[in-house]
1. How do the pairs read when you match residues in segment 241-261 that are closer than 25 Å to Glu231 by Cβ with residues anywhere that are assigned to a strand (DSSP E or B) and of a type in the set (A, V, I, L, M, F, W, C), using Cβ under 7 Å and keeping only pairs 6 or more apart or on different chains?
2. Please identify the pairs in which a residue from segment 315-326 that is more than 10 Å from Ala259 (Cα to Cα) and in contact (Cβ under 8 Å) with a residue 60 or more places away in the chain has its Cβ atom under 8 Å from the Cβ atom of a residue that is loosely packed, with under 14 Cβ neighbours inside 10 Å and of a type outside the set (Lys, Arg), counting only partners at least 6 apart or on another chain.
3. Within segment 399-433, track down each residue that is surrounded by 12 or more Cβ atoms within 10 Å (Cβ to Cβ), under 22 Å from Met343 (Cα atoms) and not aliphatic (A, V, I, L, M).
4. Out of the residues in segment 264-280 that are surrounded by fewer than 16 Cβ atoms within 10 Å (Cβ to Cβ) and assigned to a loop (DSSP other than H, G, I, E, B), which is farthest from ligand 3 (Cβ to nearest atom)?
5. Among the residues of segment 538-548, are any β-branched (Val, Ile, Thr) and over 30 Å from Asn262 (Cα atoms)?
6. List pairs: first residue in segment 78-96 and free of Cβ contacts under 8 Å to residues at least 40 places away in the same chain, second residue hydrophobic (A, V, I, L, M, F, W, C) and surrounded by fewer than 20 Cβ atoms within 10 Å (Cβ to Cβ) anywhere in the structure, Cβ distance under 9 angstrom, at least six positions apart or on different chains.
7. Suppose we filter Ser217, Ser142, Ser152 for residues that are part of a loop (DSSP other than H, G, I, E, B) and of a type in the set (S, T, N, Q); which single one remains?
Amino acid sequence: ENKASLNFIESIIEEEIKEGKHGGEVYTRFPPEPNGYLHIGHAKSICLNFGLAQQYQGKCNLRFDDTNPSKEDQEYVDSIQEDVKWLGFEWEGEPKYTSDYFDQLYDWAVQLIKEGKAYVDEQSAATIAEQKGTPTEPGKASPFRDRPVEESLALFEQMKNGELAEGAAVLRAKIDMANPNMHLRDPLMYRIINKAHHRTGDKWHIYPMYDYAHGQSDYLEGITNSICTLEFEVHRPLYEWFLGQVYSEGTKPEQREFARLNLSYTVMSKRKLLQLVEENVVSGWDDPRMPTISGLRRRGYTPESIRNFCKTIGVGRRENVIDVALLEFAVREHLNKITDRVMAVLNPVKLVIDNYPEGETEWLEAENNPEDENAGSRKLPFGKELYIEREDFMEDAPRKFFRLSLGKEVRLKNAYIIKGESVEKDADGNITTIHCTYDADSRSGSGTEASLRKVKGTLHWVAAEHALDAEVRLYDRLFSDEAPDGHKDKDFKAFLNPGSLKIITAKVEPSVSKYKPLDHVQFQRTGYFNIDPDSTEEKIVFNRTVGLRDSWGK
Ligand code: ATP
Ligand code: MG
Ligand code: MG
């Protein structure tokens, strides 16, 4: 493999393999907290961690970092597993849980107390925060810092047994109140939370903090490379300190940091996404406008397109913001290869072919996907009365208008050449019907001279008698601001795009009734759509995944 094309983590790993470090083994983990649904940012971490395991014949664990029962739920555990699998990845063995290690973590904490390296602090959280000092000024020691080991042991036991109220005491590591790295100023190891846990029930009343639990869990699982986002770089000395206290043999995991994914026109904090769900700004975590994996899936994104997107953006150590247009490009590119083309008219106006026989239906041959020779073809009904897009007709058209107008010819896709003749209007002057004539010798694929005639403009259409009415949900960006959560003076919800969902009824060719929920199609000349699970026998519902071209700002 070409060294220059490796990202920095791959370079490190290849170096480690060469040196025979960790016995040449690569073992990563993806550690979500089950307090929300996964989003596109998590996809970057998933592709990285599971991808490395695949690339180097290693392993990757799925570990639920379930250390805060007040925010976590089984619903999230289930959705996370579904989303990782859907993205195309397999974790090693059974899913792991930090809560599996609560006993071991507790025993290690007791050991640290006994060694004089941890103590129970009975001050309030506010007081502890005040005493932390500033990066240039040392912190102030807690009056409980040098309390006898026996006292801390007894209090820690009481904390564990639920004999103390939430906030009454915490366990802190005794490290260095003057360290320039604030994270080493006697960080919290445990706090009291008197809530049932989705897995351990009411066994515990104390829960370990991320910094204490994470590295130890990595060690217990034999993780070689513990990959996290850049904001944890300053936590690394603490990760190593905790590990150093308990490490005896085997793999010593190493923390590595990469730049998180930031995407324009959306928010990715789970807390903010939860707010959108709880306040019914969106229909749920899987609303097709959400940046969640489940939202993207429902919107019509494919696992391949998300993986390709992650490959394109790469993995580095510099923070940046990725244009959401890049994500849209990735799905457009994949759907172009795999979708059947179908005819759908989103804003229909009636078209009558005056010289076409009354009551006749012709079944025309239409190719399903010009990008895929195995996709076959289908039969399309054609008749005297059709629908075309209102925007595809102008009474008095400028010269460059290569669609239908009076006296001008266009081709109806897979059918005939027609010529605009006259219009009918309602009392307000709106066109209700367009009349045209057709050239009966010009049928596409018939091989006649007329069929080979070149006309400027090809329109999509559906036959009025056979068309199905479909609900079409047209999505736009959920936020109208590039960085909705980047404003100091305004809440991110001030930037919600009021036009992010428009629902219309479209006329669609009848062949679409064969598709199932989440199937993808291209509506010719319009965009990529998929079938929403809200569809019923009576009503088919489509979501617009993405337009055919980037039309943002038009
Ligand atoms: P949030 O702040 O939205 O709650 P989180 O980082 O707390 O996200 P976790 O469930 O802890 O969410 O994340 C699991 C893993 O996914 C972590 O290793 C984290 O680094 C990674 N991750 C989360 N968000 C992103 C992102 N935007 N880009 C890349 N990786 C991410
Ligand atoms: Mg987290
Ligand atoms: Mg978080």
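1. Gln255/Cys228; Arg256/Ile227; Glu257/Cys228; Phe258/Ile227; Leu261/Ile322
2. Ala325/Asp550; Ala325/Trp552
3. Hits for segment 399-433 are Phe401, Phe402, Arg403, Ser405, Glu409, Arg411, Lys413, Asn414, Tyr416, Lys419, Gly420, Thr433.
4. It comes out as Asn280.
5. yes
6. Pro95/Val77
7. Ser142
For (1) outside the structural domain of Thr361 (by TED's automatic domain parsing); (2) at positive phi; (3) more than 46 Å from the chain's Cα centre (by Cα); (4) in contact (Cβ under 8 Å) with a residue 60 or more places away in the chain, each residue gets a yes or a no:
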| site | (1), (2), (3), (4) |
| --- | --- |
| Asp441 | no, no, yes, no |
| Ser444 | no, no, no, yes |
| Arg453 | no, no, yes, no |
| Lys456 | no, no, no, no |
| Glu465 | yes, no, no, yes |
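The values are calculated or read from the model by the stated rules, or taken from the named source; none is laboratory data. As the structure is a computational prediction, the values presented were derived from the model and not from experiment. Note: ideal-geometry Cβ built from the backbone for every residue, glycine included; neighbour counts use all protein chains shown.
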